[in-house]
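Read the structure below first, then the notes.
Values quoted throughout were computed directly from the atomic coordinates according to the rules given, and no laboratory measurement underlies them. As the structure is a computational prediction, the values presented were derived from the model and not from experiment. Don't worry about glycine lacking a Cβ; one is built from the backbone with ideal geometry, like all the others, and counts go over all protein chains shown.
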Amino acid sequence: MAQRRSWLTLGSLLLACLFAAPVANVLAWDLQGVKTITAITRDQQRITLGSVRFEPRADGSIAFAVTMEPARFTDHFLSMKEFKCLDSQDEVVCHVPYPHAQPGIVTSKDMAWLEHNLLFLYQLPTDFGAKLWNGLYFQLERSEQGLRGTAQAIDLDYISAPPDDPEQPPYQPTLRDDIAPGVRWIESLTIE
């Protein structure tokens, strides 16, 4: 009888391990520590843009800080303002730091404030001046490897003035439009 119990216990442990393995893989990537921000171009080039540091807090939220890597960007003076940009033959893509106070926190299910720290504008290399209506917003989704952001179109003029509610991220889904694959030079971002 004791031998049968030990086999049952061993069998139960093996089953638990088998069923827990997929869950462990999904949870292997967490919102903690320093992660790399990478842009993915339409021809599948990977360009490291910087990093984001995540720090879990006691209330269950996660503080974050984005640091862009200056060596990856070139300086462009557009509309009397300096922008840090990535150059290609097809497009110039410039980082647009969110210009207003914001809480700097996310949760495992809400990445809106991090998304607002990864705003960009795009234009042709021959364009003069910043065309703020050509904004890019990267909607982040969690995966086994990290976060993946899909490009959406926004009008950056919308944040030229502070929002009515500084605790509410201004670019709600109704203010964003999907972009067809292959249209923009930078198609997605990853945070891994």
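Each of HIS116, HIS100 has some number of other Cβ atoms within 10 Å of its Cβ, and from fewest to most they run HIS100, HIS116. The gain in end-to-end length when the THR48 to THR150 segment is fully stretched comes to 35.1 nm, 0.36 nm per residue minus the alpha carbon separation. Centroid-to-centroid, using Cα positions, region 119-192 and region 44-66 are 17 Å apart.
Starting from 0.36 nm per residue, how many nanometres of slack lie between SER88 and SER160 once their C-alpha separation is accounted for? Spell out each step's value before the answer.
Working: separation 72, 0.36 × 72 = 25.92 nm, distance 2.70 nm.
Between SER88 and SER160, full extension yields an extra 23.2 nm.
Net length available on complete extension from GLU69 to ASP30 is 11.8 nm, with 0.36 nm assigned per residue and the Cα-Cα distance removed.
Largest first, the three principal axis extents of the alpha carbons in region 49-192 are 49, 36, 30 Å in whole numbers. Within the shell of other residues whose beta carbon sits under 9 angstrom from the beta carbon of LEU49, the net charge comes to 0, with Lys and Arg scored +1 and Asp and Glu -1.
The packing ranking, built from the mean of other Cβ atoms within 10 Å per residue, places the peptides 131-142, 169-180, 34-45 in the order 131-142, 34-45, 169-180, highest first.
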